[in-house]
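Visitor: My questions all concern the structure below.
The values are calculated or read from the model by the stated rules, or taken from the named source; none is laboratory data. Just so it is clear, the structure is predicted and the values come from calculations on it, not from any experiment. Note that each Cβ is placed from the backbone with ideal geometry, even for glycine, and that neighbours are counted across all protein chains shown.
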Amino acid sequence: MSTSSTNGHPGEPQAASNGCKANGRFAVGNPGGPGNPFARQVAGLRQALLNGVTADDLQCVARKLVELAKDGNVQAAKLLLSYTIGKPQPAPEPDRMDVDEWEGYRETAGMKTETAEMAAAGAPEHHLSHVRILRPLISSLNHEQLMNEVVNPKPAPVEKHDAFDEADFEKTMAEILNGATVWHPPSTNGKNTPRRSRPTDVDSDHPTPQPPTNGRMHVD
């Protein structure tokens, strides 16, 4: 017997009211699971639990746990011993006794060369106290600087032209207007020679020399 879905296609299991199909799979439109709780929320709940427990409460729980362990409660005895003595450590291997001793010496051999550096570093509490004092101050200064930049933004810098560039540009334009040789990009056929932009400005007393018929250049 075939089932009909809500979208009208036969053969597909119909979605239940909980967002799942009859075969247990998610149906179309299922929002999915809630996911893992947020770390901040878990930390807040843990803090609330810690705030509700006092040292006297822990003392009462410890005394009750000791009484249960004395009465033969194995679970109470395991819990008590695990938080007092700790879990049993693995037994050392007899064949590795010398090796383990040697590795212990190796790990402490570097203390000789690091003694001066460690002594000059000082106690860690000294550096931590400085960090605890300076971090809030620096954070406050960074916050004030950021707020000042947001409230009073700096105007955009005005672009200034270099005086040398302007003089060089004017000089180049003057040379072009006065008939100086103008550079042109090379042509596609390879024939491109400098030419004057205003040939009428050439000095008439010194005409451009023309090639003679005998192949020798002569200027009057």
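Visitor: Under 8 Å between Cβ atoms, at least 6 apart or on separate chains: pull out the pairs that start in region 74-92 with a residue that is in contact (Cβ under 8 Å) with a residue 60 or more places away in the chain and end on any residue that is assigned to a helix (DSSP H, G or I).
Guide: Pairs that qualify, where the first residue is in contact (Cβ under 8 Å) with a residue 60 or more places away in the chain and the partner is assigned to a helix (DSSP H, G or I): there are none.
Visitor: A further question on this structure: Within region 7-18, can one find any residue that is surrounded by 10 or more Cβ atoms within 10 Å (Cβ to Cβ), of a type outside the set (S, T, N, Q) and at pLDDT 75 or above?
Guide: no
Visitor: If a residue has to be hydrophobic (A, V, I, L, M, F, W, C) and either at pLDDT below 70 or in a strand (DSSP E or B) (or both) to count, how many in region 168-194 make the cut?
Guide: Just the residues of region 168-194 that are hydrophobic (A, V, I, L, M, F, W, C), to begin with: 169, 173-174, 176-177, 180, 182-183.
If we keep only those that are either at pLDDT below 70 or in a strand (DSSP E or B) (or both) as well, we get 180, 182-183.
Number satisfying all stated conditions: 3.
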